[in-house]
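One structure is given below, encoded as structure tokens.
What follows is calculated from the coordinates using simple rules that are stated; it is not laboratory data. Because the structure is a prediction, the values reported are computed rather than measured. Here the Cβ positions follow ideal geometry from the backbone for every residue, glycine too, while neighbour counts run over all protein chains shown.
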Ligand code: THG
């Protein structure tokens, strides 16, 4: 592949200097920004993530900030998840849907106060949808993208590293809760969350100017922990069933098809856009759904397009949306969307991969 030409549209991040010095080997583009995808190799990064601790530049998880008296009302319009129990200090994984119930994004929302939320978005221009709703409905709320850059610390030694920078109380954070922790005289939001199943934290770095000082402090403090620069890992996130917006789901899918029905309480999410459409599909139940799929045979080349899924007789019943070779499970692990006739545990299907047709098995649970 050729190189990507740098330009102002393809934004660098508050940590790009550190990422480059750490020897980043490949990037993807996400929210018009550079997201590292490989440091040593996808497989080496995977083994290291599962055994040590990594620092990830996830600045691409941009924040959509809602601020003002109507912030809570607007936030509930965006999602079928019932937000009445959400208090300051909590993070919620929230499906965001359009008027047809189609997925627009699958962010993590943080409630900062009754009048202030951050929506930590996946890869779609959610800001424009939210601004449009606020303007069109004359809501008393400001909608903007603040200078906030999440830095993730992920892996089994994440608590040990974080304690050295933020003190031992950071260990007491519960999953999907956040607190304020001092770094060089600034109060930063630190949450126990992140796009891996290895455990860890996300630091919401407010003000790019402290990005590199924090990056350097983490690497200095973690020398004996074998801390390394890392990034969301394709293999690990498939094993863990962490979905990728734009890959595993699009506007064509409802949250129920994505297996995100457990994050919807559409009946009580009063005011949610697409509520009527979702109530209809939730009543009937989806006819296709995301599943874990193991694909037989040796490692298959990378998947930059979806692979058709068929019955053994050749009838089209779905597609593979993400796939990778798993060294730990010694099989090709995948995420796919399959029709209900073939979504049960153990169902056998055929996948038209780039390396030819392969037999595969459907699973009701992911590996991690
Ligand atoms: N952290 C933050 N922002 C993000 C991501 C993140 N924005 C982009 C992207 N990731 C959004 N997508 C996801 C997908 C899965 C999860 C978080 C964000 C996730 N899921 C857990 C799971 O499925 O096991 C737990 C969800 C729960 O139980 O509430 O963490 O990673 N800031």
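Overall, the ratio between the Cα radius of gyration of the range 274-353 and 2.2 N^0.38 Å, rounded to two decimals, is 1.23.
The antiparallel fraction among DSSP beta bridges confined to the range 1-131 stands at about 95%. Once the Cβ-Cβ distance between residue 125 and residue 20 is put in as r, and R0 is 25 Å, what FRET efficiency do you end up with, to the nearest 0.05? My answer for the efficiency is 0.40.
Assuming 0.36 nm per residue, please report the length gained on full extension of the stretch residue 224 to residue 348 beyond their Cα-Cα distance. Please list the in-between numbers first.
Numbers: separation 124, 0.36 × 124 = 44.64 nm, distance 4.65 nm.
So the chain would gain 40.0 nm between residue 224 and residue 348.
Here the chain carries DSSP beta bridges of which approximately 95% are antiparallel, counting only pairs with both residues inside.
Across the range 238-325, counting alpha-carbon atoms alone, Rg and Dmax equal 15.5, 49 Å.
The largest-to-smallest principal axis extents of the Cα set in the range 24-138 are 49, 27, 23 Å.
Computing FRET efficiency as 1/(1 + (r/R0)^6) for residue 312 and residue 365, where r is the C-beta to C-beta distance and R0 is 35 Å, gives about 0.90. Computed over the alpha carbons of the chain, Rg followed by Dmax gives 20.7, 65 Å.
Estimated purely from DSSP H runs of n ≥ 4, each contributing -39500 (n - 2.57), the mean residue ellipticity at 222 nm for the chain is -5500 deg cm²/dmol once divided by its residues.
Over all orientations, the range 135-234 has a Cα convex hull whose mean projected area works out to 8.4 square nanometres.
The equivalent ellipsoid that matches the C-alpha gyration tensor of the range 201-348 spans semi-axes of 34, 26, 12 angstrom, in descending order. Pairs of C-alpha atoms in the range 1-73 farther apart than 17 Å represent 54 percent of all such pairs. What separates the Cα centres of the range 23-58 and the range 165-228 is a distance of 17 Å. Given R0 = 25 Å, the distance between the Cβ atoms of residue 7 and residue 209 translates into a calculated FRET efficiency of 0.60.
Estimated at 0.36 nm per residue, the fully extended path between residue 73 and residue 280 surpasses their Cα-Cα distance by 72.2 nm.
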